[in-house]
1. Among the residues that make up region B:168-177, is at least one of them more than 21 Å from B:PHE259 (Cα to Cα) and either in the same structural domain as B:LYS80 (by TED's automatic domain parsing) or at pLDDT 85 or above (or both)?
2. I need a count of the residues in region B:188-214 that are closer than 19 Å to B:LEU107 by Cα and not in a helix (DSSP H, G or I).
3. With respect to the numbered conditions (1) under 23 Å from the mean Cα position of the chain (by Cα); (2) in contact (Cβ under 8 Å) with a residue 40 or more places away in the chain; (3) in the same structural domain as B:PHE213 (by TED's automatic domain parsing), which one is the sole condition not fulfilled by B:TRP79?
4. Can you tell me which residues in region A:194-236 are outside any helix (DSSP H, G or I) and touching a residue at least 60 places away in the same chain (Cβ under 8 Å)?
5. Which is modelled with pLDDT of 95 or more and at the interface with chain B (Cβ under 8 Å from one of its Cβ atoms), of A:LEU127, A:LEU135?
6. With respect to B:SER299, determine if the residue is open to solvent by less than 20 Å² (accessible area, probe 1.4 Å), farther than 30 Å from B:TRP137 by Cα and modelled with pLDDT under 95.
7. Being open to solvent by 10 Å² or more (accessible area, probe 1.4 Å), over 25 Å from A:SER61 (Cβ atoms) and touching a residue at least 12 places away in the same chain (Cβ under 8 Å) narrows it down to one residue among B:LEU123, B:LEU169, B:LEU107; which is it?
8. Using the structure shown, decide if B:ALA24 is assigned to a helix (DSSP H, G or I), aliphatic (A, V, I, L, M), modelled with pLDDT of 95 or more and buried (at least 20 other Cβ atoms within 10 Å of the Cβ).
Amino acid sequence: MKTSATDITLAQEMEEAARVAHEMRVKRDQRARMGRLLKHLFLISVSIVMLYPLLWLLASSLKPENDIFGSLTLWPTEFQWHNYVDGWHGLPVSFTIFYINSTIVTVLSVIGNLISCSFAAYAFARLQFTGRTFLFGLMMMTLMIPYHVVLIPQYVQFLRLGWVDTYLPLVVPRFLASDAFFIFLMVQFFRQLPRELDEAAMIDGCSPFKIYWAIILPLSLPALGTAAIFSLIWTWEDFLAPLIYLNDIKSYTVPLALRLFLDQEGQSSYGQMFAMSVLSLVPVVIAFLLFQKLIVRGIATSGMK
Amino acid sequence: MWRGSISPLKASFMRRFIARNAPAYAFLTPWLLGFFLLALGPILASLYLSFTRYDMVNAPRWVGLANYEYMFTRDRRFWKALEVTFTYVALAVPARLIMALGVAMLLDKGLRTIGLYRAIFYLPSLLGASIAIAILWRQLFAADGVVNAVLGYFGIQGAAWITNPDTSLYTLVVLAMWQFGSPMLIFLAGLRGIPKDLYEAAEIDGTPKWRQFTRITLPLLAPVIFFNLVLQTIEAFKTFSSAFIISNGTGAPADSLLFYTVYLFNEAFKFFRMGYASALAWVLLIIIAIFTAISFLTSKYWVHYENERD
């Protein structure tokens, strides 16, 4: 601050201050814009690195064999669409069969998960009963158990029942709420629904089943949708259980079929293998594009209380 | 007690008890059946089998602690599998979480196109578990693969990543990093929950960005970090499909990809040493249980929940 007796008036001083402030603001805005730009540049480069492997897979499925390796260019010199046709029939059994098999297992698993997990979740979230806390604790503990620990006795048991080489070992557990994760996800959602709904319905003489069916389920479509999508994707990609339980190639699911390509590496072409790999991802990508919101919200809410 | 006369009082109590609980247990029936038949029963059965020699042809023969004794004292592959798995967990989990947190923080502040980035970053997490991606990974890191082509562009001579036992495990760590999407989404939700005025106040006080991160973001995000850490570690211990495919189902080269689950699978379903494999399974269960217990027991020292403060 100038205090000496000069000819600078108060007005001039204020003007000066305003100019400095304006300059600072401009500079700050510029810096913020620069920051945003840098951030975008960085995120775009990460995006490219993230997507490149997928694009490379797609490109390789269309390239001539000797173009695939050692080349970074994604654009094929000539498009080999026949990789898809040849790959589809590239194994002793056509992929039509594998897709039908995978679809059967997936659809049944999704239905099983939705019914059995919403049943259990409804009891845990909305009903009072003796032993609730204890059983809920048990259910949460099963989340931690690795599938490998129960695998051997389950296999022995299913073998005795004559279920090996059928889809029963893959599907029946889903009807017994074996994926506790979905129970947890639904419990989190059911709990948020207002209690007054149940109470009012109860006073009107609704049975618990009626409340579950006519009130809770219709209000919980987002949670059910999330569970259905994850259940679909995980079942579609599942490898270990089919690997153990399915021996006959005619009953193979898509992931098992893909592995056959690997076993005959050298004999069959890479282009065909990549083409079928791309196709195996299509249902997952479609589910993701259609239901992105449900998936994102599902992870955010099940991950958090 | 049930003989003869039940007093009317007791009978009505019983009736009310049943009426109160029947609907809930009806709804729980599928899960209860599953719990006993698919979880508890098999876990106990596998404990029993772990004390036997069992090849699926002859009946299980009791051998006491022999399986465990062999495992801990003579089985080199068991120790190798532990080494591979622990190395993987120790590298892959932090790498994935740091990646997830870093990107989540970039996305959290002031970007309008967040949805697109979020979708791109999340997609690999959905696809990553599939066999197609494992097949792709084998080719990317092959001696004549894309990774070496990129390195060659910069004049670097790349290794045969997959077939070299010194480097093969890192290709799986990179695969794990590539799938940082789901912890990223959870971090994003957590970051949303931190009040923005905290940062504004810090900004006015001239607190440098790094200290804002260590003093505001990290402590307030601790519960979410904890949750992700536990979840991702359990996931990492269970890694199977990608390791199985990339190592040709055997843990090759030179057992450098002998993940615990791959070893267990081979003992059980290739060599039909079901008793020994059951013992392996129980050790895995105990390892995961110990890890989870440690995280929960220590969590009170470094995780503070917002609503617990007085």
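1. Filtering region B:168-177 for residues more than 21 Å from B:PHE259 (Cα to Cα) gives none.
There is no residue in region B:168-177 that is more than 21 Å from B:PHE259 (Cα to Cα) and either in the same structural domain as B:LYS80 (by TED's automatic domain parsing) or at pLDDT 85 or above (or both).
2. Number of matching residues: 3.
3. With (1) under 23 Å from the mean Cα position of the chain (by Cα); (2) in contact (Cβ under 8 Å) with a residue 40 or more places away in the chain; (3) in the same structural domain as B:PHE213 (by TED's automatic domain parsing) applied to B:TRP79, the lone miss is (2).
4. First, pick out the residues of region A:194-236 that are outside any helix (DSSP H, G or I): A:194, A:204-207, A:220.
Within region A:194-236, just A:SER220 meets the criteria.
5. Testing whether each residue is modelled with pLDDT of 95 or more and at the interface with chain B (Cβ under 8 Å from one of its Cβ atoms) leaves just A:LEU135.
6. On the way: open to solvent by less than 20 Å² (accessible area, probe 1.4 Å): yes; farther than 30 Å from B:TRP137 by Cα: yes; modelled with pLDDT under 95: yes.
Yes, satisfied.
7. Values: B:LEU123 fails: over 25 Å from A:SER61 (Cβ atoms); B:LEU107 fails: open to solvent by 10 Å² or more (accessible area, probe 1.4 Å).
On inspection, the qualifying residue turns out to be B:LEU169.
8. Working: assigned to a helix (DSSP H, G or I): yes; aliphatic (A, V, I, L, M): yes; modelled with pLDDT of 95 or more: no; buried (at least 20 other Cβ atoms within 10 Å of the Cβ): yes.
No; evaluated as a whole, the condition is false for this residue.
The values are calculated or read from the model by the stated rules, or taken from the named source; none is laboratory data. Nothing here was measured: the structure is a model prediction, and the numbers come from that model. Glycine gets a Cβ as well: all are built from the backbone with ideal geometry, and neighbour counts include every protein chain shown. These accessible areas exclude ligands, DNA and RNA; they are computed on the full protein's heavy atoms, side chains included. Shrake-Rupley method; radii C 1.70, N 1.55, O 1.52, S 1.80 Å.
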